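**Q** First the structure, which I've put down as structure tokens, then a few questions once you've had a look.
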Number of protein chains: 2
Amino acid sequence: MARIVMKFGGTSMAGIERIRNVASRVKAEWEAGNQVAVVVSAMAGETDRLVGFCREASSLYDTREYDVVVSSGEQVTSGLLAIALQAIGVPARSWMGWQLPIHTTAAHSSARIEEIDTVALNASLAGGEVAVIPGFQGMTADERITTLGRGGSDTSAVAVAAAMKADRCDIYTDVDGVYTTDPRIVPRARKLSKITYEEMLELASVGAKVLQTRSVGLAMKEKVRVRVLSSFEDARGDDGHRGTLIVGEEEIEDMERQLITGIAHDKNEAKVTLLAVPDRPGAVASIFNPLADASINVDMIIQNIAHEAGSTDVTFTVPRAELARAIDVLAKAQPDIGHRDLRHDTRVSKISIVGVGMRSHAGVAATMFKTLGERGINIQAITTSEIKVSVLIHEDETELAVRLLHTAYGLDAEEAAA
Amino acid sequence: MARIVMKFGGTSMAGIERIRNVASRVKAEWEAGNQVAVVVSAMAGETDRLVGFCREASSLYDTREYDVVVSSGEQVTSGLLAIALQAIGVPARSWMGWQLPIHTTAAHSSARIEEIDTVALNASLAGGEVAVIPGFQGMTADERITTLGRGGSDTSAVAVAAAMKADRCDIYTDVDGVYTTDPRIVPRARKLSKITYEEMLELASVGAKVLQTRSVGLAMKEKVRVRVLSSFEDARGDDGHRGTLIVGEEEIEDMERQLITGIAHDKNEAKVTLLAVPDRPGAVASIFNPLADASINVDMIIQNIAHEAGSTDVTFTVPRAELARAIDVLAKAQPDIGHRDLRHDTRVSKISIVGVGMRSHAGVAATMFKTLGERGINIQAITTSEIKVSVLIHEDETELAVRLLHTAYGLDAEEAAA
């Protein structure tokens, strides 16, 4: 007997036929004698519909009421899955966020889970009942409905798994695992059978949209074994297993370890350059403090060497969706910053190589720069972490760069992915 | 300062534009210095969509989970109305059934309200906030979501009004009040400015679809002054008032009182005749007990005089939607009942005249029979209550009968209704 959390995304819950498919997958785990909690998303498109209503009602909507409205999508699918499970002989009941309850912060529309009460949940599971839990939602201390922000259902699943000390948290999605890179760009991309939390975290945050970043961070913190697999396909990989397991580094044998685990690309950044910023103490703070105050995330930063007497150019990237707001903030701060001009470029792409093997091997970044340089791809900015190197290049060169690097790091499979 | 409950149905809540219209009506009452609670239905069509999902998931769905699914429709409109109110400067918040809470029985999908906790509600109203409450929903003692059955939002509104001792419960709908009869059949039907609870109860139960029967019964028991009026029109009647007020008999002046207040028709019944039922003690019980056990409501009953030695025909009506089930129940009970044959007829219509004036006047029923008889309309069955006379006739004669009776009882307006 194992304790398992199964999480199904919006595509897997889109319509009753698909919910029946989900029910039969849950039944298989339950029949194998496992205790099963299922975390579900709203039907694909439903959350967008509900968010649209709120925006139409008021551009400055109260996020407490927004949470009341948008949390209803998962409420519907939870009830329907419980019905579909019962219809095939599996005892099941739904538990709303306020019923368990799932306690969260009061940061409506982007709340964080603080604690999940497992008394009722454990009693239900021990009685052989499958628990169906709406993802994305919780309750504040004063009993108001909260949501965790878009994609929050992955986080709900990991949090439930941590709270019930589950042996595994299976995230069912529309892809069959985590790949070395996007198979639409590199047909020879390989499905990974295992990946470490840290690698997944870096891949998730640089644009591999398999899992929500926050859920991976939580899984790492709580040591929840997460598996990503397909709702629609049962094919097993070369290793005989379905999906990709996300685990601690200690669970991955040295033998299995590649220098680089994956390559991600991200076209959601925009580059901003401030020209001729006076080169004085506090200059950098005068740029980035107002951006931070406006909650705009700055990613890559390069400060050029002073090119004229007493001034320098500062380049950085912000999320493309925040560019207009960033320009506005910087225009207001201009008297303080003192830059002569601002230029921006949305036709950029960030390419990242990720792998824990990087730690113990020198020259990994050098291979990246050399590979791109040989084909004349200009690197506009660089950032690194312990297990990641990212470069900013021209958007048009994204696919070429990913393919070149995939080959250079020996990631190509012998045959093209299906 | 008055305390007012305003209730808006699905047509009034269908889409953000209409929700804005509702918000402006609420604002007017709030700006006049009133304490206002608003009870809302789901958007028109939404409950049907959600019920459809449940039925598609399983024909034998768990009503506890059905309640989780279908209650979400009112959750959405409550949040949206709170947002729309805030957008025009009216402080407002939504209160789910479990948040107030609204305590109900555990009869899922057709629960009854037992008690509404008003501590939080009163504090909110006293603070000048408009309370937005989803109709149709509540919570059991073990904290599971319930719904009150279709049309339950009217009942929610009256129950909230009773609990908060409201001065008035205004039910906004797509008609501008209660008419002497259906204006689509009789263009000279008149809008009533006042009607008694008992009359409204009889009219509601015989097919005038303005208010849910249960809500009228509750209003009568709790002495809640209910007004029915239009969400979309502001026209006032001849009396200078909007809508129709439903009140106790003592509030209606003798001067205003008509002999007959309204005429209703109902095409939702079917007639069943059991031929040659053995005429012995317990024969009637052997017919109606199995129907009662199957929760099939029997309405009109006629037992003919024994036409052959020792046997009689028994005729009665059941809801048309239950006819197939009634036939099935009676076929199974045939050995016990001993009838020779069963005939049924769905082409029937029930016409009812309603009025408290009937109590003190003889000959009211006689006028009905004479009026119909003179035009050759055959009466197949009759039932009466203290303030109502109903007859069963052929369906094709419905409109003619209603028009004849409307004229016969002096209800025609001088001009046709708009």
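**Q** Answer yes or no as to whether A:T398 is outside any strand (DSSP E or B), polar (S, T, N, Q) and touching a strand residue (DSSP E or B) at 6+ places or on another chain (Cβ under 7 Å). Write out each step before concluding.
**A** On the way: outside any strand (DSSP E or B): yes; polar (S, T, N, Q): yes; touching a strand residue (DSSP E or B) at 6+ places or on another chain (Cβ under 7 Å): yes.
In short, yes.
**Q** Then there is this: At least 2 residues that are in contact with a Ser or Thr (Cβ under 7 Å, 6 or more places away or on another chain) and within 14 Å of chain B (Cβ to nearest Cβ) in each: list the helices (runs of 4 or more DSSP H) lying fully within the stretch A:52-157 that qualify.
**A** Filter on the stretch A:52-157 gives A:63-70, A:72-87.
**Q** Mind checking whether some residue in the stretch A:260-271 is buried (at least 16 other Cβ atoms within 10 Å of the Cβ), under 28 Å from the mean Cα position of the chain (by Cα) and over 22 Å from A:L405 (Cα atoms)?
**A** Among the residues of the stretch A:260-271, at least one is buried (at least 16 other Cβ atoms within 10 Å of the Cβ), under 28 Å from the mean Cα position of the chain (by Cα) and over 22 Å from A:L405 (Cα atoms), which makes the answer yes.
**Q** Now for a different question. Any residue at all in the stretch B:12-28 that is of a type in the set (G, A, S), free of Cβ contacts under 8 Å to residues at least 24 places away in the same chain and more than 9 Å from chain A (Cβ to nearest Cβ)?
**A** The initial filter retains those residues of the stretch B:12-28 that are of a type in the set (G, A, S), namely B:12, B:14-15, B:23-24, B:28.
Going one step further and asking which of them are free of Cβ contacts under 8 Å to residues at least 24 places away in the same chain, we end up with B:28.
From what's left, more than 9 Å from chain A (Cβ to nearest Cβ): B:28.
The answer is yes, given that some residue of the stretch B:12-28 is of a type in the set (G, A, S), free of Cβ contacts under 8 Å to residues at least 24 places away in the same chain and more than 9 Å from chain A (Cβ to nearest Cβ).
**Q** Same structure, new question: A:A166 is checked against (1) closer than 26 Å to A:E233 by Cα; (2) modelled with pLDDT under 95 and fails just one. What number does that condition carry?
**A** Of the numbered conditions (1) closer than 26 Å to A:E233 by Cα; (2) modelled with pLDDT under 95, the odd one out for A:A166 is (2).
**Q** Tell me the residue from B:A326, B:A366 that is assigned to a helix (DSSP H, G or I) and open to solvent by 20 Å² or more (accessible area, probe 1.4 Å), please.
**A** Among B:A326, B:A366, only B:A366 is assigned to a helix (DSSP H, G or I) and open to solvent by 20 Å² or more (accessible area, probe 1.4 Å).
**Q** Kindly provide the set of residues from the stretch B:29-51 that are part of a helix (DSSP H, G or I), more than 11 Å from chain A (Cβ to nearest Cβ), open to solvent by 30 Å² or more (accessible area, probe 1.4 Å) and more than 17 Å from B:R93 (Cα to Cα), ordered by number. Working first, answer last.
**A** In the first step, residues of the stretch B:29-51 are kept if they are part of a helix (DSSP H, G or I); the result is B:29-31, B:46-51.
Filter once more, so that each one left must be more than 11 Å from chain A (Cβ to nearest Cβ): B:29-31, B:47-48, B:51.
Still in the running and open to solvent by 30 Å² or more (accessible area, probe 1.4 Å): B:29-31, B:48.
Result: B:D48, single match.
**Q** Given the criteria of a type outside the set (S, T, Y), surrounded by 15 or more Cβ atoms within 10 Å (Cβ to Cβ), modelled with pLDDT under 95 and at negative phi, does B:D345 qualify? Steps first, answer last, please.
**A** On the way: of a type outside the set (S, T, Y): yes; surrounded by 15 or more Cβ atoms within 10 Å (Cβ to Cβ): yes; modelled with pLDDT under 95: no; at negative phi: yes.
Taking the combined requirement at face value, the residue does not satisfy it.
**Q** A follow-up question, please. Out of all the residues in the stretch A:247-266, is one or more farther than 30 Å from A:E222 by Cβ and either out of contact with any His (no Cβ under 6 Å at 6 or more places or on another chain) or in contact (Cβ under 8 Å) with a residue 60 or more places away in the chain (or both)? Can you show your working first?
**A** Looking only at the stretch A:247-266, we keep the residues that are farther than 30 Å from A:E222 by Cβ, and these are none.
Taking every residue of the stretch A:247-266 in turn, none turns out to be farther than 30 Å from A:E222 by Cβ and either out of contact with any His (no Cβ under 6 Å at 6 or more places or on another chain) or in contact (Cβ under 8 Å) with a residue 60 or more places away in the chain (or both).
**Q** Here's another thing I want to ask about it. Go through the stretch A:369-386 and report how many residues are out of contact with any strand residue (DSSP E or B) (no Cβ under 6 Å at 6 or more places or on another chain) and part of a loop (DSSP other than H, G, I, E, B). Walk me through it before giving the result.
**A** To start, the set of residues in the stretch A:369-386 that are out of contact with any strand residue (DSSP E or B) (no Cβ under 6 Å at 6 or more places or on another chain) comprises A:369-376, A:378, A:384-386.
Checking which are part of a loop (DSSP other than H, G, I, E, B) leaves us with A:375-376, A:378, A:386.
The total comes to 4.
**Q** Could I ask something else about it? Give the residues of the stretch A:178-200 that are part of a helix (DSSP H, G or I) and open to solvent by 40 Å² or more (accessible area, probe 1.4 Å), sorted by residue number.
**A** Once the filter is applied, which keeps residues that are part of a helix (DSSP H, G or I) and open to solvent by 40 Å² or more (accessible area, probe 1.4 Å), the stretch A:178-200 yields only A:E198.
**Q** Filter the stretch A:122-143 down to the residues that are out of contact with any strand residue (DSSP E or B) (no Cβ under 9 Å at 6 or more places or on another chain) and closer than 19 Å to A:D62 by Cβ, then identify the one that is surrounded by the most Cβ atoms within 10 Å (Cβ to Cβ).
**A** Here the answer is A:E143.
**Q** Moving on. Would you mind finding the one in A:T213, A:T196, A:T181, A:T155 that is under 28 Å from A:S124 (Cα atoms) and touching a helix residue (DSSP H, G or I) at 6+ places or on another chain (Cβ under 6 Å)? Before you say what the answer is, go through the steps one by one.
**A** Working: A:T213 fails: under 28 Å from A:S124 (Cα atoms); A:T196 fails: under 28 Å from A:S124 (Cα atoms); A:T181 fails: under 28 Å from A:S124 (Cα atoms).
The unique qualifying residue is A:T155.
**Q** Condition first: open to solvent by less than 50 Å² (accessible area, probe 1.4 Å), out of contact with any Lys or Arg (no Cβ under 9 Å at 6 or more places or on another chain) and assigned to a loop (DSSP other than H, G, I, E, B). Now tell me which residues in the stretch A:283-305 satisfy that.
**A** A:V298
**Q** Out of (1) under 23 Å from A:T146 (Cα atoms); (2) part of a strand (DSSP E or B), what's the single condition that is false for B:V5?
**A** Only one criterion in (1) under 23 Å from A:T146 (Cα atoms); (2) part of a strand (DSSP E or B) is unmet by B:V5, namely (1).
**Q** Pick from B:G10, B:G89: which is in contact with a helix residue (DSSP H, G or I) (Cβ under 8 Å, 6 or more places away or on another chain) and at positive phi? So that I can check it myself, show each step before the final result.
**A** Details: B:G10 fails: at positive phi.
After ruling out the rest, the residue left standing is B:G89.
The values are calculated or read from the model by the stated rules, or taken from the named source; none is laboratory data. Predicted model only: the values in this text are computed from it and were never measured. Neighbour counts run over all protein chains shown; Cβ positions are idealised from the backbone, glycine included. In case anyone asks, the SASA skips ligands and DNA or RNA and just uses the protein heavy atoms, side chains included. Shrake-Rupley method; radii C 1.70, N 1.55, O 1.52, S 1.80 Å.
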